[in-house]
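The values are calculated or read from the model by the stated rules, or taken from the named source; none is laboratory data. For clarity, every value in this text was computed on a predicted model and none was experimentally measured. As a convention, Cβ positions derive from the backbone with ideal geometry for all residues, glycine included, and neighbour counts pool all protein chains shown. Note: areas computed on protein heavy atoms with side chains; ligands, DNA, RNA excluded. Shrake-Rupley method; radii C 1.70, N 1.55, O 1.52, S 1.80 Å.
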Amino acid sequence: MIPRLALRARVAVIVAMALVMAAGVFSLTNLRVQLFPDIDFPLIAVSTLYPGADVDTVLTEVTEPLERALAQVPASVAVRSFTSPSFSLVLQEFDFGTDMAAAERAARELVGAVTLPEGVTTSDLSRANPEEFPILELSVFSDMTFDELHELVSAELLPEIRDVPGVLRADVPLGSQAGGSVTRTNGSPSLSIYVRKHADANTIAVADGVLAVVEAAKERLPAGVEFATIANQAPEIRTSINTLTREVVLGAILAVMVIFAFLLKIRPTVVTGISIPASVLGALVIMGWQDMSLNMITIGALAIAVGRVVDDSIVVMENVYRHIQAGEARIPAAIAATREVTGAITTSTLTTIAVFAPLGFIGGIIGAFFLPFALVVTYSLLASLVVSLTVVPVLGSLLISGDERAPDRDTFLQRVYTPVLRWSLAHKAWTLIAAAAVFAGSLGLLSGIPVSFIPGGPQNLLVVEMTTPPGTPIDGTLAQLDEVESVLAALRSDGTVETYRSQIGGTGAAFGPGQNISGSNTASILVILAEGAGVVEMTEVLRRDLPGEGRSVAVALAGDGGPDANQMELVLSGGDYTTLAAAALGIVEALEGTEGLIDVRTTAIPAAALAGREVTLVTRINGRQAVTVTGTITAQDTQGVSRAVTAEVDRLGLPEGVSLETGGVFADIEELFSSMIRAMLIGIVLVYTVMVVSQRSLLTPFVIILSLPLASIGALGALFITQRALGLSSLIGMLMLIGLVVTNAIVLIAFVEQLRKRGRSVHEALMEGGRTRLRPILMTAFTTSFALLPLAIITGENAGIVGAELATVVIGGLMTSTMLTLVVIPVIYSLLRRDRAPAGAPAPAAGAPAPAAGAGAGAPEA
């Protein structure tokens, strides 16, 4: 029905396509641009300043009352607190999916009822929504005193920054306002400025506007006042979007080249290739309508979708082309050919969409991040289905010449494939044994594939944590910091380090990169490397040169505001502090020397060192005292380090009453694999259900589902050969493979079923179906693979979460599954299906043309 209507109004279809593409370009230029999707993190923070109060006073008069109040908020999962002299931070955690607006209202009401001491100057409750994360952090430094610098910035700079369109807030941290922390930039006293934007503002535009204001202010500010950009999301967003956009364009060009290589005709190639921009721009129209943003996740989804959106059009175009080659008139050929494959391509599109549906509902951080990914892929696929059923037959009827004729002999691919298929059908047992052996062998590769959460890419940010003995006063810590900064100053002089920012007594923003809550014996130093400086080499240099007598130093890659992919964290809670400290110190000693793990340390203070000294940081979880053991993971195989750590902790055991909670990247990996396995199982069930409903058969979809293990052979093999990690990106690729692999099997089996309805025997239908559907199946597999090739080879580490690992998995899985689908699936089908008499239909006359793939695919099974 749809193809016939489209061909009756060909001019209207072409005009509509042009309008949609124009609207897509308009949406592209007007969508918000930011680093990540808008995510309402289930976290509430209450930060309180109590100047002059010691740790015990802040704990008993501020932290504990706030903990008790927040614990009463409905749906609360955990309450964590960090208490240091003059400062308290209480974090309340909820499950993803919680109504955070209602939770915030309840928290404000309960916190408002708490009576705090008269000395408390500031108490702020905030929710971890996108507006609370700074998009820009500036450091202002000079030889002025802190008070003079603060007054200058507050009077001359902050008002102008706040007037920049899109700026929500621009302020200095709580601790800095009250002198609760010491901050220096490049060795000079400094003040941090955090800039936050409105949720609907463009990150790049806001950041650029603020930096322009700063540049203009430099001309009128006193001499000696300098600025350093500590964190800025705009350059990373620009790089990610430009890189992914380039991969989209390159992938589309490669896909079109593959289509031409198979057809060797320009006009059919143009007709098929037009579906890529039409589908992507159609998806952008829907994104604009839904007020979505362009970010690393949604742009990555468009890059991934490029290879898949052309598949439906390939099947339609190849069928139209074949009908015209058979001598049919162009318009009737387009109508008949499109109608014949409508069932097959609709089913394959719906199954691919069904695969991504679980991503939005598996919960947790993964579900929250990848719901936009699933939506964008879905929009792209729906747009591609509409294009393939309307635009492609219209353009095919206009551009494909009626003079085209099919060749009189088999193609090269058919001459290679036919004897392989014939041998496989004659030796079913050997074919299945070989496939099972290869599949089992691929599972053996798992032990040689690194496992991580998000593989780290090149960065120019390092975090140095310097610790002096417990109880060291701030002046003693400053003296040690002077020595550390002298090393960094020398590196800055030779051009290796661009900027370094040091902080003692972290009481900064509750959310955002580079924040820490620490006591007077700890200094956190953010080191920004100059362009071209080797991050690995500099990490080793700093680990070698910064430690000294009276201080210990840990160096790690900065998280840059995203998930920290190289941080180990073990949290011990319960019991008295002495017991906790002893357990934590024992774990630190046991983990020293663990391969792939360095800088193992704990916040716990030994009983001997604690005697007569003030504790500078108290951590609590749900009212129980806690200490943390942390370390930096240097090995690519994060899971291997996790197993070693678990074995050591199990060997030591824990004192009675002490519990251990795994945090950091270990917890991320555990949640990742649990969530993704659940998503894959749900996806397989949904795919099977869609095929059962569309094909009205239980057995045929089961045969198609059996093609899924064939994809793991190439996916695991590709990861093993490239030594890319099995993590979030590659597991998303595995999920995507479920939809892609069944598409080829649907195209093949739907055609075989139609041939059987026309009277062919099982063997005849499989031989003819395989030979006929060989070209479109290979075309779809190769176009998808080549479209992802730039993402796998060129982008590498610059694509972030949606990057090289995902593309590697999809390319490897498609290559093996496609080849084996053409051989193994016919064998399985022949074992589960027997010849049957035609249902009242005469046997086809000799030489009658075979029906196209998908014809009658929706008919009930006999």
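Overview of results
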| quantity | calculated |
| --- | --- |
| Residue check, ALA234 under 30 Å from THR411 (Cα atoms) and buried (at least 19 other Cβ atoms within 10 Å of the Cβ) | no |
| Any hit, the range 62-69, residues being more than 29 Å from the chain's Cα centre (by Cα) and open to solvent by 60 Å² or more (accessible area, probe 1.4 Å) | yes |
| Test: residue in the range 90-113 that is under 28 Å from ILE237 (Cβ atoms), open to solvent by less than 40 Å² (accessible area, probe 1.4 Å) and in contact with a Leu (Cβ under 7 Å, 6 or more places away or on another chain) | yes |
| Flag for LEU158 being within 11 Å of VAL46 (Cα to Cα) and either surrounded by fewer than 21 Cβ atoms within 10 Å (Cβ to Cβ) or under 33 Å from the mean Cα position of the chain (by Cα) (or both) | no |
| Residue selected from the range 302-317 under the condition under 26 Å from VAL341 (Cβ atoms) and either surrounded by fewer than 24 Cβ atoms within 10 Å (Cβ to Cβ) or small (Gly, Ala, Ser) (or both), by the criterion farthest from the chain's Cα centre (by Cα) | SER313 |
| Subset of the range 725-749 [over 14 Å from ASP311 (Cβ atoms) and more than 19 Å from the chain's Cα centre (by Cα)] | ILE749 |
| Residue that is least open to solvent (accessible area, probe 1.4 Å) [pool: residues in the range 683-701 that are without any contact (Cβ under 8 Å) to a residue 12 or more places away in the chain and within 27 Å of LEU731 (Cβ to Cβ)] | VAL692 |
| Top-ranked residue of the range 394-418 - restricted to ones that are of a type in the set (D, E, K, R) and at pLDDT below 85, ranked as least open to solvent (accessible area, probe 1.4 Å) | GLU404 |
| Set ALA205, ALA199: member being more than 17 Å from VAL140 (Cα to Cα), at pLDDT 90 or above and surrounded by fewer than 17 Cβ atoms within 10 Å (Cβ to Cβ) | ALA205 |
| Index of the failed condition, ASN242 passing every other in (1) in a helix (DSSP H, G or I); (2) surrounded by fewer than 19 Cβ atoms within 10 Å (Cβ to Cβ); (3) in contact with a helix residue (DSSP H, G or I) (Cβ under 8 Å, 6 or more places away or on another chain) | (3) |
| Out of THR272, THR352, THR338, sole residue that is under 15 Å from SER380 (Cβ atoms), open to solvent by less than 10 Å² (accessible area, probe 1.4 Å), in contact with a helix residue (DSSP H, G or I) (Cβ under 7 Å, 6 or more places away or on another chain) and at pLDDT 85 or above | THR352 |
| The range 1-55 - residue that is part of a strand (DSSP E or B) and hydrophobic (A, V, I, L, M, F, W, C) and, of those, farthest from ALA337 (Cα to Cα) | LEU49 |
| Test for VAL210: is it in contact with a strand residue (DSSP E or B) (Cβ under 6 Å, 6 or more places away or on another chain), more than 24 Å from LEU488 (Cα to Cα) and crowded, with 16+ Cβ neighbours inside 10 Å | yes |
| Test: residue in the range 584-602 that is more than 27 Å from the chain's Cα centre (by Cα), touching a residue at least 24 places away in the same chain (Cβ under 8 Å), crowded, with 18+ Cβ neighbours inside 10 Å and over 25 Å from ASP637 (Cα atoms) | no |
| Failed criterion for THR298 (all others in (1) open to solvent by less than 10 Å² (accessible area, probe 1.4 Å); (2) in contact with a Ser or Thr (Cβ under 9 Å, 6 or more places away or on another chain) hold) | (2) |
| Residue in the range 589-605 that is closer than 25 Å to THR63 by Cβ, among the hydrophobic types (A, V, I, L, M, F, W, C) and at pLDDT below 85 present | yes |
| Options PHE782, PHE786; residue that is farther than 21 Å from GLN414 by Cβ, within 29 Å of the chain's Cα centre (by Cα) and part of a helix (DSSP H, G or I) | PHE786 |
| Contacts under 6 angstrom Cβ, first residue in the range 156-172 being without any contact (Cβ under 8 Å) to a residue 40 or more places away in the chain, partner part of a helix (DSSP H, G or I), 6 or more apart | LEU168/GLU131 |
| Residue list for the range 75-102, filter: over 30 Å from SER520 (Cβ atoms) and at pLDDT 90 or above | ALA102 |
